[in-house]
Amino acid sequence: MKRRILMLSAIIFLAAFVAAPPWASGETYGQLRALKRRAATVMRQKNDFVARVLHSYDIPYQRTEQGVVTRLQIRNNWLDVNRIEIVPLVREGEYGLQVMGHEIFFYTEGQILHLVSELTIR
């Protein structure tokens, strides 16, 4: 009898452990919603920054409805952009690291385009 109760308790414990409710994950719906909002804001800032830099260099470009730069015109050729990386240029300042500008890498089919800008993202 004790063995059955012990076995049943172990099964119930394992079932509860495996099928934990969503609120037990440590993140509430409000926290997830805030994280998603922040991610959207960061992506919008990145896309707008890239467009500002291209505009400052007078480089023609095309964007999607979401603001993502998808094509660049270089020497009368339109190149499809596969990926964009932004690397901050920093120096040690009086109050820690200071952002002096950014390097932007545009990855296209077969080549990488590199721009350096003194513009800041914010």
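Among residues belonging to segment 29-61 that are within 21 Å of Asn82 (Cα to Cα) and among the charged types (D, E, K, R), point out the one that is surrounded by the most Cβ atoms within 10 Å (Cβ to Cβ).
Lys46
Given the conditions (1) part of a strand (DSSP E or B); (2) acidic (Asp, Glu); (3) within 15 Å of the chain's Cα centre (by Cα), report the number of the one that Asp80 does not fulfil.
Only one criterion in (1) part of a strand (DSSP E or B); (2) acidic (Asp, Glu); (3) within 15 Å of the chain's Cα centre (by Cα) is unmet by Asp80, namely (3).
Restricting attention to segment 88-115, and to residues there that are assigned to a strand (DSSP E or B) and exposed (fewer than 12 other Cβ atoms within 10 Å of the Cβ), which single residue is modelled with the lowest pLDDT?
Ranking the qualifying residues of segment 88-115, first place goes to Gly93.
Please list, ordered by first then second residue, the pairs with beta carbon atoms under 7 Å, 6 or more apart or interchain, first in segment 92-106 and farther than 20 Å from Lys46 by Cα, second in a strand (DSSP E or B).
Leu97/Val90
The values are calculated or read from the model by the stated rules, or taken from the named source; none is laboratory data. From a predicted model like this one, the values you see are computed outputs, not experimental measurements. We place every Cβ from the backbone using ideal geometry, glycine too, and count neighbours over all the protein chains shown.
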